[in-house]
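Read through the structure below, which is laid out as structure tokens, and then see the notes.
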């Protein structure tokens, strides 16, 4: 299990589409990660000042798609996709061409 920082969203106002964000630790099983991609909407929220204080303006975010049997779960974590990939220990397997 690998520890990452998840971005959680909460409705700031019940009658508004504004969201408030918080951070929390989450532990991920790397074997359940199906896809990692950059999440620009979280970065835009950071630029608008909606993210918690203390995050650098250069911070990047990634969306992880996790396998849950028949369903999937998407979470947003702090870090760009390459950083997350390295942290999870995901390496690209070299494929060899069989000559027959």
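The values are calculated or read from the model by the stated rules, or taken from the named source; none is laboratory data. It should be emphasised that the depicted structure is a prediction, and the values quoted were computed from it without experimental measurement. Positions of Cβ are backbone-derived with ideal geometry, glycine not excepted, and every protein chain shown enters the neighbour counts.
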### Query
Could you give every pair whose Cβ atoms fall below 9 Å, whose first residue belongs to region 64-85 and is at positive phi and at pLDDT 90 or above, and whose second residue is in a strand (DSSP E or B) and surrounded by 15 or more Cβ atoms within 10 Å (Cβ to Cβ), counting only separations of at least 6 or pairs across chains?
79/4; 79/61; 79/62
## Note on the structure
Scanning region 20-77 residue by residue, the ones that are surrounded by 15 or more Cβ atoms within 10 Å (Cβ to Cβ), over 12 Å from the mean Cα position of the chain (by Cα) and assigned to a strand (DSSP E or B) total 1
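Can you say whether residue 98 is surrounded by 10 or more Cβ atoms within 10 Å (Cβ to Cβ), out of contact with any helix residue (DSSP H, G or I) (no Cβ under 7 Å at 6 or more places or on another chain) and assigned to a loop (DSSP other than H, G, I, E, B), as far as the supplied structure shows? Can you show your working first?
Working: surrounded by 10 or more Cβ atoms within 10 Å (Cβ to Cβ): no; out of contact with any helix residue (DSSP H, G or I) (no Cβ under 7 Å at 6 or more places or on another chain): yes; assigned to a loop (DSSP other than H, G, I, E, B): yes.
No.
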### Query
Assuming residue 92 fulfils every condition listed in (1) modelled with pLDDT of 95 or more; (2) more than 19 Å from residue 9 (Cα to Cα) apart from one, which condition is it?
(1)
### Conditions (1) modelled with pLDDT under 95; (2) in contact with a helix residue (DSSP H, G or I) (Cβ under 8 Å, 6 or more places away or on another chain): number failed by residue 45
(2)
